[in-house]
Amino acid sequence: MYIRVSFDTKPDNLLHLMVKDWQLELPTLLISVHGGLQNFDLQPKLKQVFGKGLIKAAVTTGAWIFTGGVNTGVIRHVGDALKDHSSKSRGKVCAIGIAPWGILENKEDLIGKDVTRPYQTMANPLSKLAVLNSSHSHFILTDNGTCGKYGSEVKLRRLLEKHISLQKINTRLGQGVPLVCLIVEGGPNVISIALESLRDEPPIPVVVCDGSGRASDIISFAHKFSEDGG
């Protein structure tokens, strides 16, 4: 299922659509995956541990997984884990890709209201655009009028995650939905995301996949050799 929305759509409207129209149950955990958008390899053992751990966390808790939705970089590795799980089990994992409309290949195929559309997920190697990852269950496609650029999805995703985390899943205890940020590889913007998460109120726990490369390894190294208390 997918929806194309304006980049400034209010998060309460989006969550209402997800629960009422997509008939999703509110999650008891939200796992937000961030990392490199360029394709990269993970060591086979690390890829296996990452995939199994992510799926186990989602299945046992009834979590939603948020990613960037396109079939590149870290999202492709998440998609591989989802594909592997669906081939062995009937248990559905709710994986929601939040991607900018303007960077999508074959986006014209998706235009329409209340329609079912075939979508070609084979990427054109000569194109600078990206295709959606077919292993996700839902997509939110954000449109700010730009073409070929990332960015329209960033604020909407952050606000939606925050809004979901404030939903009371245990009214007696007044407990909201726990949010976890998962970092795999990535560049400077991923370091910024980790910092923003930790500075949030309340702070968002950040899980870093050490050994996946670039930003993840830098954060892991800094954490390992920093003194207690920063």
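Listing for the model above:
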read-out	value
For K168: the one exception among (1) within 24 Å of G53 (Cβ to Cβ); (2) open to solvent by 30 Å² or more (accessible area, probe 1.4 Å); (3) not in a helix (DSSP H, G or I)	(1)
Pairs with Cβ under 9 Å, 6+ apart, first in the range 70-92 and more than 13 Å from N39 (Cα to Cα), second among the basic types (K, R) and not in a helix (DSSP H, G or I)	S86/K92
Selected residue [under 18 Å from S152 (Cα atoms), in contact with an Asp or Glu (Cβ under 6 Å, 6 or more places away or on another chain), surrounded by 13 or more Cβ atoms within 10 Å (Cβ to Cβ) and of a type outside the set (A, V, I, L, M)] from G68, G35	G35
Selection from the range 209-230 of residues that are open to solvent by 60 Å² or more (accessible area, probe 1.4 Å) and assigned to a helix (DSSP H, G or I)	R214, I218, F221, H223, K224, F225
Selection within the range 186-208 - open to solvent by 20 Å² or more (accessible area, probe 1.4 Å) and outside any helix (DSSP H, G or I)	D200, E201, P202, P203, I204, P205, V206, V207, V208
Qualifying residue in the range 81-93 (condition: open to solvent by 50 Å² or more (accessible area, probe 1.4 Å), hydrophobic (A, V, I, L, M, F, W, C) and either at pLDDT 95 or above or more than 19 Å from L160 (Cβ to Cβ) (or both))	no
S127 being of a type in the set (G, A, S) and at pLDDT 95 or above	no
Pick from the range 100-123, criterion in contact with an Asp or Glu (Cβ under 6 Å, 6 or more places away or on another chain) and either touching a residue at least 24 places away in the same chain (Cβ under 8 Å) or open to solvent by 70 Å² or more (accessible area, probe 1.4 Å) (or both), ranking: farthest from G36 (Cα to Cα)	R117
Residue among I75, I55 that is open to solvent by 10 Å² or more (accessible area, probe 1.4 Å), of a type in the set (V, I, T) and in a helix (DSSP H, G or I)	I55
Residue within the range 151-159 that is more than 18 Å from the chain's Cα centre (by Cα), modelled with pLDDT under 95 and either surrounded by fewer than 16 Cβ atoms within 10 Å (Cβ to Cβ) or over 27 Å from L110 (Cα atoms) (or both) present	no
Which numbered condition A58 misses (of (1) within 26 Å of A194 (Cβ to Cβ); (2) free of Cβ contacts under 8 Å to residues at least 24 places away in the same chain)	(2)
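The values are calculated or read from the model by the stated rules, or taken from the named source; none is laboratory data. Since the model is a prediction, treat every value here as computed from it, not as a measurement. In this analysis, Cβ positions are derived from the backbone assuming ideal geometry, glycine residues included, and neighbour counts consider all displayed protein chains. Keep in mind that these areas ignore ligands, DNA and RNA; they rest on the heavy atoms of the full protein, side chains included. Shrake-Rupley method; radii C 1.70, N 1.55, O 1.52, S 1.80 Å.
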